[in-house]
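In what follows, a structure is listed as structure tokens, so that the remarks can point back to it.
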Amino acid sequence: MATDNAADDSAKLKILKDALYEEMRQHGSETRLFTQRDLLDLNIVPNQNVMLLVRVVQGLCDDKLLVGTTNHHAGLAWRWRSREEAKKYTSLPNDETVMVYSIIDEAGADGIWNRTIKNKLNMHEAVVKNCIKYLESKGYIASMKNVEHPNKKMYIKATLRPSERATGGPWFTEGELDTAFIQELEGIVFEYIKTKSAYRGTQPQSSVSSGAPVKAPKKGTILGSDPASRGVKRSATEISTDDGTPAPSSRTAAGSGASKSRAVYLPMPAGYKHYPTVAEIAKFIHDTGITNNTTLSQADIQQLVDVLTYDGLVEPVYSSASGSNGRRRVRGYRVTRAMKQDTVPFHKRQKEREAGVGLDKPPVVGAEPLTNGLTEAPCGRCPVFELCEEGGPVSPSKCVYFLEWLDLEDSAAAAVPPARAAAAISVELPP
């Protein structure tokens, strides 16, 4: 009789376990935490019997279908685990392997360091290595690289994909920062913003701006044998240049200067509201298929635009637009120093560099950086400025940076005798 009652209790417990497990799956994902109150509200356990609920939950935990955890707000809670994953736990040979696999499972997509596993479980290193070796042989876990810790041996569940925090997102390739990909994509994004936030136009180029020398007429008085003409200033038509040609009139000079023009980018007029947004840039990148198999989200494009903003190449522009919820604030971007931008598209410049043109200068995105006399001269960025003085190991009269700046290295090397050059090379800086 007692045996029959025990069998009935076991059958009822199994029915309640299956019913509670399926109800939990229908009311939340694997990450949702169920408290005791939540489990009672599912109305699976009859009469809100807490003792019976404890037996059902314990049975599910023994079957590895529930995972107990601590919630800071509600205390003890449980989350459900898939049946396929529960079978992996029940197939493990010993408790040590179960604990190691559980620690790796809890780490999620970020992975976990093997030494962290050892410290958390307080196990011998050899035991941890044996457990990891067994789990790898079964295909339950896999090793991974973390860009934040490139020299650490990390492990992750084989069914999970490493998080962007671990892999570095689309900007890393096999754990290495892909600078070439980033620079090329920055150039494409900048070119798109430039063409959408400025328009091509022409600017008159006078002889002064073009660098052509303008001959000034001679000043003075008329010199001649006629006493009446002496001391009288010449008129504009009588003034001649050094080569004997008559001076051009103001109308002719103005006409010749206006005939020359150059293509430039001009800024949009005030009140323009159609500056490109991050969403538009992301759509352009996606539609053109530039990134091949790499998928970039709006957050990734925002990172590129932020870099261009920090470098002073673009700037945000805010405008208002009407929508279903009324007027909203829209943030677009426009290029800075529009008239100084290169009118040749970025992809053409890239093709020129591939053909060997312009390799003597580093690729520059945007306009040339602002400079002044101090930053152009070697003294403004000299690495040995503190040691520079006449009679010292470095002096202005023997400055190699000045020779390089003035393109006089070859002439200076030819002018220095071999013995003197060898003595100059042997000079050592003081400690």
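The values are calculated or read from the model by the stated rules, or taken from the named source; none is laboratory data. What you see is a predicted model; the values in this text were computed from it and never measured. Quick reminder, even Gly has a Cβ in these numbers, built from the backbone with ideal geometry, and neighbours come from all protein chains shown. Ligands, DNA and RNA are stripped out before the accessible areas are found, and what is left, the full protein with its side chains, is counted by its heavy atoms. Shrake-Rupley method; radii C 1.70, N 1.55, O 1.52, S 1.80 Å.
Structure data summary
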item: Accessible surface of segment 92-167 [probe 1.4 Å, protein heavy atoms]: carbon and sulfur percent; result: 45 percent
item: For segment 125-158 and segment 25-98, distance of Cα centres in Å; result: 27 Å
item: Spacing of the two label points (7 Å from each Cα toward its C-beta) at ASP287 and HIS149, in nm; result: 4.4 nm
item: Ordering of 176-184, 97-105 by burial proxy (mean other Cβ atoms within 10 Å per residue, highest first); result: 97-105, 176-184
item: Nearest-0.05 FRET efficiency for HIS72 and ASP110, computed from C-beta distance (R0 25 Å); result: 0.80
item: Added length on full extension, which subtracts the Cα-Cα distance from 0.36 nm per residue, ARG37 to ARG55; result: 4.9 nm
item: Inter-label distance for GLN298 and LEU374, nm, one decimal - labels placed 7 Å from Cα along Cα-to-Cβ; result: 4.4 nm
item: Chain lengthening between GLU386 and TYR310 when straightened (0.36 nm per residue, less Cα-Cα); result: 24.2 nm
item: Projected-area average for segment 299-353 over all orientations - Cα convex hull basis, square nanometres; result: 5.8 nm²
item: Unit Cα scatterers, Debye sum, segment 92-167: log10 I(q)/I(0) for q = 0.20, 0.21, 0.24, 0.26 Å⁻¹; result: -0.79, -0.87, -1.12, -1.28
item: Per residue, in Å², the accessible surface of segment 284-349 once ligands and nucleic acids are set aside, probe 1.4 Å; result: 64 Å²
